[in-house]
Amino acid sequence: MEKRILVVDDEASIASAVSYALRREGYTVAVAGDGEEALRLTAEFKPRVLILDVMMPKLTGYEVCRKLEDRHGIGIILLTVKNDIVDKILGLELGADDYMTKPFDLRELLARTKALFRRMERAAAEEKPAEIVFEGLTVQIPQRTVKIEGSPVELTPKEFDLLALLLSHPERVYTRDELLELVWSIDYAEGTRTVDIHMQRLRKKLGDPYQQLLQTVYGVGYRSAALR
């Protein structure tokens with residue numbers, strides 16, 4: 001996995017310090033000073049990870065996450081002065097993979113960045129079939145599309161990743177912590193709530209009878225039913 005990182009922060013001193021530390025670790029780094037520039041450089045530079053400040057001019061980090069909703073294979077670490085659990089959950093629900101509160105220790109940021117790349121590599125290694133078909137439900141993994149009786153089902157990137165992972169390994173039980181690591185690429189105990197929220201939304205979008213494929217294993221996590 002090519003280790004390209006885009007650092008996005010309107011505070012030049014922070015962006016400079018973070019990018020310098022990352023380059024010393026061997027990463028290829030680009031820097032953006034606001035949300036609009038972040039979107040442009042994401043398209044041009046094609047980073048594998050964004051280190052993204054939340055409070056920025058033009059577009060906030062949350063707005064950047066929303067506009068990158070169709071992204072695939074890009075990890076996001078949010079940086080913010082806010083330390084409220086609601087803000088953390090919002091960031092995770094918008095597709096962020098990790099969350100750090102300012103001021104932060106550069107050594108911790110480097111450790112979290114390395115861990116995120118490891119988890120992304122491990123998640124990419126999870127084998128998935130090119131297509132999953134169950135009665136009227138069709139999931140095409142490379143195209144990242146879901147259809148029911150030929151009609152598309154609009155899923156967020158994380159909802160799709162969650163569905164594809166569970167259906168690719170029917171009857172295998174995944175704990176919430178495992179799903180956080182494999183789908184969100186994070187190890188964050190409080191984030192287990194976002195797994196439940198995404199599962200609820202995913203089931204609602206699939207509707208009957210397909211939502212019944214996604215089973216809760218009480219006290220443990222989730223699995224998909226056998227596809228026969």
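Of the residues screened, E149 is not one that is modelled with pLDDT of 90 or more, within 30 Å of S13 (Cα to Cα), among the acidic types (D, E) and exposed (fewer than 12 other Cβ atoms within 10 Å of the Cβ).
One line per residue, one yes/no per condition, for (1) surrounded by fewer than 18 Cβ atoms within 10 Å (Cβ to Cβ); (2) in contact with a Ser or Thr (Cβ under 9 Å, 6 or more places away or on another chain):
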{"residue": "A21", "(1), (2)": "yes, no"}
{"residue": "G33", "(1), (2)": "no, no"}
{"residue": "R40", "(1), (2)": "yes, no"}
{"residue": "P47", "(1), (2)": "no, yes"}
{"residue": "V54", "(1), (2)": "no, yes"}
{"residue": "K58", "(1), (2)": "yes, no"}
{"residue": "G61", "(1), (2)": "no, yes"}
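For E154, the stated conditions do not hold, so it cannot be described as free of Cβ contacts under 8 Å to residues at least 60 places away in the same chain, surrounded by 12 or more Cβ atoms within 10 Å (Cβ to Cβ), within 19 Å of the chain's Cα centre (by Cα) and not in a strand (DSSP E or B). For the stretch 1-28, a tally of residues being of a type outside the set (D, E, K, R) and within 20 Å of the chain's Cα centre (by Cα) returns 5. Only a single item in (1) under 28 Å from K88 (Cα atoms); (2) in contact with a Phe, Trp or Tyr (Cβ under 6 Å, 6 or more places away or on another chain); (3) surrounded by fewer than 17 Cβ atoms within 10 Å (Cβ to Cβ) is not met by T192, and it is number (2). Taking the listed residues D10, D87, the one that is of a type in the set (D, E, K, R), surrounded by fewer than 21 Cβ atoms within 10 Å (Cβ to Cβ) and touching a Pro at 6+ places or on another chain (Cβ under 7 Å) is D10, with no other qualifying.
Scanning the stretch 160-191 for residues that are charged (D, E, K, R) and within 15 Å of A96 (Cβ to Cβ), which turns out modelled with the highest pLDDT? Reasoning before the result, please.
Taking the stretch 160-191 first, the residues charged (D, E, K, R) are 161, 171-172, 176-178, 181, 187, 190.
The next check asks that each one be within 15 Å of A96 (Cβ to Cβ); those that pass are 161, 181, 187, 190.
Working: D161: 90, E181: 81, D187: 60, E190: 58.
The selected residue is D161.
Of all residue pairs spaced 6 or more apart or on separate chains, those with beta-carbon atoms under 6 Å, a first member in the stretch 48-71 that is acidic (D, E) and a second member that is part of a loop (DSSP other than H, G, I, E, B) and modelled with pLDDT of 90 or more are D53/D9.
Residues that are in a helix (DSSP H, G or I) and at pLDDT 90 or above do not occur anywhere in the stretch 90-102.
The values are calculated or read from the model by the stated rules, or taken from the named source; none is laboratory data. Note that the coordinates shown come from a computational prediction; the quantities given were computed from them, not determined experimentally. Positions of Cβ are backbone-derived with ideal geometry, glycine not excepted, and every protein chain shown enters the neighbour counts.
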